[in-house]
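Participant: Questions regarding the structure given below will be posed in turn.
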Amino acid sequence: MSADQLLRFLHDHQRETDCSAEDSNRILDSIIQSRKQNDTNAECDHHTDNNNNGLSLDEFFRFLFLVDFNDPLKSQVHHDMNAPLSHYFIYTGHNSYLTGNQLSSDCSDVPIIKALQRGVRVIELDLWPNSTKDDIDVVHGRTLTAPVSLIQCLKSIKEYAFVKSDYPVIITLEDHLTPFLQAKVAEMIAQVFGDMLYFPQADSLTEFPTPESLKGRILISTKPPKEYLESKQFKDSDSERESTEEGSLSPCVIPELEAVDEKLNGSDLDEEGLNARDKKSDQQSAPEYKRLITIHAGKPKGHVKHHLNNVGGVKRLSLSEQELEKASATYGSDIVRFTQKNIIRVYPKGTRVTSSNYRPHIGWMYGAQMVAFNMQGHGKSLWYMQGMFRANGGCGYVKKPAFLIEKGPHNEVFDPKRALPVKKTLKVKVYMGNGWSSDFSKTHFDSFSPPDFYTKVCIVGVPADKANKKTKVIQDNWFPVWDEEFEFPLTVPELALLRIEVREYDKHEKDDFGGQTCLPISELRSGFRAVPLFDQKGEQLKSVKLLMRFQFK
């Protein structure tokens, strides 16, 4: 295959119309150079001479499996980054300091570092007085979790904040502190971050700044001290309710948690351990703490509906996964309108003590920017989250679709429950896979024979687009060839993810896991693509890839 023929392939089949003759020559030169380095014996030298100016069939086949040239997604940031923060889905962690479960695991800066290395942009810290009440611990209060110092967490955030992405890191603080300790937090944050720290230009913003303008900056989001204090006078304080749902539970009740879940959501346990009256007399004593806050959290008294009719400055509202689902059933359009200017953070219900997660689309469908996840867990929900944020070059900010940002001519907004016509059909062809024999031992799947692989291909998105397909089982083969095609009609492709999972069929036990990935359909590149697979925690497998073809009609 000559450089001209390769260019035609890139244009006609890969739909890479911006590729030039220079690009195809560069690809060809790269493969030929690699061949020359590998050709050490006389036979290979002869082979090289005969094919010096083109690709052999074997080389073309290997080229198709090269992710560097045939990645299913664009690797660079390509969304408009000059819109307000409220116009983006943001990669958000929940209880970012926990190493394991929500009740008895250690607190550490290690999971914070891992999250930042993966591109997470929102880190949550729960702040409590230490045992001597003169310093600040990061800990999941009223549980058996062992604390880590705030200063250690802040220093690690500073060191790792921008290793994966230049776009801003937001620290959400759940604050259980006296005014004296709030002032100490403000001093600590200012000293550790220095010029990296972003100070808002006004007490109350009417619009959030843009990710582009905040590159390399750290933002703080929490409830201002005065608002926090006033919220103690009624039941539904954000941080108190969230704390109640997330912790405040004896480990002995873990087996009964699911049964009492609904009761917990309506309860009013006070986890603060602080005297609100003592604080109230001095509620304005930490102005430097209030000055740090760019994204104000909190909500007024009354029903959720009233919280959504926000007038004046922009803010962040926190809702549990259940509260959001309940509110969306009645006030879905109000939620979408609210998120066009303001930010909603969704967090896991308190009974997820094993650090499991919920389906993130319950938030994304309504424009919720901060769908907060337990990054230390794993499972399908976390795969969806990882898949969504592979979009836009993995920078941690994904521009929301226009229909979640704009209003219609009659002030109407997007309704994910409304039946919509098919907008686009995705054709997925699963050709073959390889790499398992390199990444797994010979007896990993079957003790006495090669594995029996099949591939599941699923759509996750708005309810109408949900679909599950799977290939036939290829028996006794480390290099399975399926050669099967599936079609998926999509009503809202902008919010859809393609979930791909390889399993090894087992007659007598649960099918073994052989790799997975989730890909945002709005970012899928047409043509033949080498699709790398990941393990159950989301770490990329060294060699395992599928050869697939994606087409849209």
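Participant: Every residue in region 136-151 that is free of Cβ contacts under 8 Å to residues at least 60 places away in the same chain and assigned to a loop (DSSP other than H, G, I, E, B), please.
Facilitator: Within region 136-151, V139, T145, P147 qualify.
Participant: Could you say whether any residue in region 423-430 is in the same structural domain as F513 (by the TED database) and either closer than 20 Å to Q540 by Cβ or of a type in the set (D, E) (or both)?
Facilitator: Scanning region 423-430 turns up at least one residue that is in the same structural domain as F513 (by the TED database) and either closer than 20 Å to Q540 by Cβ or of a type in the set (D, E) (or both).
Participant: Could you run through region 129-156 and say how many residues are open to solvent by 30 Å² or more (accessible area, probe 1.4 Å) and of a type in the set (A, V, I, L, M)?
Facilitator: Total meeting the criteria: 3.
Participant: Having 2 or more residues that are among the aliphatic types (A, V, I, L, M) is the bar; report the helices (runs of 4 or more DSSP H) wholly within region 333-431 that clear it.
Facilitator: Answer list for region 333-431: 380-388, 402-405.
Participant: Please state which of the following conditions A202 fails to meet, knowing it meets all the rest: (1) more than 19 Å from L317 (Cβ to Cβ); (2) at pLDDT 95 or above.
Facilitator: Condition (2) is where A202 drops out.
Participant: Follow-up. In region 502-535, which residues are over 30 Å from H79 (Cα atoms) and either touching a helix residue (DSSP H, G or I) at 6+ places or on another chain (Cβ under 6 Å) or not in a strand (DSSP E or B) (or both)?
Facilitator: Within region 502-535, Y505, D506, K507, H508, E509, K510, D511 meet the criteria.
Participant: Report, by residue number, each residue of region 363-387 that is open to solvent by 20 Å² or more (accessible area, probe 1.4 Å) and closer than 18 Å to A402 by Cα.
Facilitator: Scanning region 363-387 gives a single hit, M365.
Participant: I would also like to ask the following. State all residues of region 504-545 that are buried (at least 21 other Cβ atoms within 10 Å of the Cβ) and among the small types (G, A, S); if no residue qualifies, say none.
Facilitator: Scanning region 504-545 gives G514, G515.
One line per residue, one yes/no per condition, for (1) among the β-branched types (V, I, T); (2) in a helix (DSSP H, G or I); (3) in the same structural domain as A391 (by the TED database); (4) out of contact with any helix residue (DSSP H, G or I) (no Cβ under 9 Å at 6 or more places or on another chain):
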| position | (1), (2), (3), (4) |
| --- | --- |
| S75 | no, no, no, no |
| Q102 | no, no, yes, no |
| P111 | no, yes, yes, yes |
| G119 | no, no, yes, no |
| L125 | no, no, yes, no |
| S131 | no, no, yes, yes |
| D134 | no, no, yes, no |
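Participant: Also: For region 77-93, how many residues meet the condition of being of a type outside the set (F, W, Y), touching a Lys or Arg at 6+ places or on another chain (Cβ under 9 Å) and in a loop (DSSP other than H, G, I, E, B)?
Facilitator: Final tally of qualifying residues: 5.
Participant: Which pairs turn up if I take residues in region 434-452 that are assigned by the TED database to the domain that holds D511 and open to solvent by less than 60 Å² (accessible area, probe 1.4 Å) and look for partners that are polar (S, T, N, Q) and modelled with pLDDT of 95 or more with beta carbon separation below 8 Å, at least 6 apart in sequence or on another chain?
Facilitator: Going by the 8 Å Cβ cut-off, the qualifying pairs are N434/S543; G435/S543; W436/S543; D439/S543; P450/N477; P451/N477; D452/Q475; D452/N477.
Participant: From the set of residues in region 30-59 that are open to solvent by 40 Å² or more (accessible area, probe 1.4 Å) and at pLDDT 90 or above, which is farthest from A3 (Cα to Cα)?
Facilitator: So the residue we want is D58.
Participant: Then there's this: Taking the criterion of being in contact (Cβ under 8 Å) with a residue 24 or more places away in the chain and assigned to a helix (DSSP H, G or I), would at least one residue in region 164-179 satisfy it?
Facilitator: yes
Participant: Here is a follow-up. Just one of (1) open to solvent by 10 Å² or more (accessible area, probe 1.4 Å); (2) in a helix (DSSP H, G or I) trips up G313, so point out which.
Facilitator: Every listed condition holds for G313 apart from (2).
Participant: For region 401-417, check the following and say yes or no: at least one residue is closer than 24 Å to K114 by Cα, of a type in the set (K, R) and surrounded by fewer than 23 Cβ atoms within 10 Å (Cβ to Cβ).
Facilitator: Checking region 401-417: not a single residue is closer than 24 Å to K114 by Cα, of a type in the set (K, R) and surrounded by fewer than 23 Cβ atoms within 10 Å (Cβ to Cβ).
Participant: Take the residues in region 316-329 that are surrounded by fewer than 20 Cβ atoms within 10 Å (Cβ to Cβ) and without any contact (Cβ under 8 Å) to a residue 40 or more places away in the chain, then tell me which one is nearest to E124 (Cα to Cα).
Facilitator: E325
Participant: If you don't mind, another one. Only one of these conditions is not met by T354: (1) without any contact (Cβ under 8 Å) to a residue 24 or more places away in the chain; (2) under 20 Å from the mean Cα position of the chain (by Cα). Which number is it?
Facilitator: (1)
Participant: Report yes if some residue within region 477-496 is under 14 Å from G387 (Cα atoms) and either β-branched (V, I, T) or open to solvent by 30 Å² or more (accessible area, probe 1.4 Å) (or both); otherwise report no.
Facilitator: Yes - at least one qualifying residue is present in region 477-496.
The values are calculated or read from the model by the stated rules, or taken from the named source; none is laboratory data. Note that the structure is a prediction, hence the values are computed from the model and not measured. Note that we place each Cβ from the backbone using ideal geometry, even for glycine, and neighbour counts take in every protein chain shown. In case anyone asks, the SASA skips ligands and DNA or RNA and just uses the protein heavy atoms, side chains included. Shrake-Rupley method; radii C 1.70, N 1.55, O 1.52, S 1.80 Å.
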